[in-house]
Amino acid sequence: MFDTIYPRRRDRLPPEALPFGWHVAEIVAALVVYDMLFFASHVVIHKVPWIYRRVHAKHHRRVIMRARETVALSIADEVLDVSCSIAALNLLKCHPLSRALYNVTIIFLLCDLHSGYDMPWMLQNVVPFGICSGSRRHTDHHKHGRAFYQKFFVYLDNFFGFNKLPEATKIE
Ligand SMILES: [Zn+2]
Ligand SMILES: [Zn+2]
């Protein structure tokens, strides 16, 4: 359906891969755009109780995090999540190899985010200046539901004031 709306292969199927660094840049850029789109939809989902109950409550069903919570999604939640990825890749007109590598990368990062671990080698502990969100924040998001809406970065949560845990308890 998306390929019909945004024909990604219309005029181009590059005959060869781009320089490795360019693929890395495309993947990072796609993760940034995905994160922005996801943040916007995630805030709306949490702020409108009717939508939250029907779309997103399943993802918040457990307080104890495990990697399998990555796929604890309603169908609408899955469609929304994947749509953010497809939109990001299409907006940036990513090379097909970058798209393939992006899929592997984001699946790894999502499992990492929901793993419940906080290992020294995880992004939140190795990327400088605290720009990456990571499993600590996402676990707190799952517990409280009213902060830390970004998945991979922190700047939008910081800007909009969603970077502190509220007194309130978890949304039902
Ligand atoms: Zn989650
Ligand atoms: Zn949520």
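The values are calculated or read from the model by the stated rules, or taken from the named source; none is laboratory data. Quantities reported herein were computed from a predicted structural model and do not represent experimental measurements. Neighbour counts are summed over all protein chains in view; Cβ atoms, including those assigned to glycine, are modelled from backbone coordinates with ideal geometry. For accessibility, only protein heavy atoms count, side chains too; no ligands or nucleic acids. Shrake-Rupley method; radii C 1.70, N 1.55, O 1.52, S 1.80 Å.
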Taking the alpha-carbon centroid of each part, what is the distance from the stretch 127-153 to the stretch 63-82 in angstrom? 16 Å
Separation between the Val127 and Val79 pseudo-spin-labels, each 7 Å from Cα along Cα→Cβ, expressed in nm? 3.0 nm
Using label points projected 7 Å from each Cα along Cα→Cβ, tell me how many nm separate Val48 and Val71, to one decimal. 2.9 nm
To the nearest 20 debye, what is the magnitude of the charge dipole of the chain about its Cα centre, counting +1 on the Cβ of each Lys and Arg and -1 on the Cβ of each Asp and Glu? 400 debye
Using the Kirkwood radius built from alpha carbon pairs, what does the Stokes-Einstein equation give as D for the stretch 20-160 at 25 °C and 0.890 mPa s, in µm² per second? 159 µm²/s
Taking the Cα centre of the stretch 20-160 as the origin and placing charges on Cβ (Lys, Arg +1; Asp, Glu -1), which of His95, Gly145, Gly134 is farthest toward the positive end of the dipole? Gly145
With every protein chain present, what accessible area does His56 have (1.4 Å probe, heavy atoms only), rounded to the nearest 10 Å²? 0 Å²
Residues of type lysines that Lys143 reaches as a straight line, Cα spacing below 18 Å, ignoring anything fewer than 8 places off in the same chain: Lys47, Lys58, Lys151, Lys164, Lys170
At a 1.4 Å probe radius, which order do Val24, Val154, Val71 fall into by accessible area, largest first? Val71, Val24, Val154
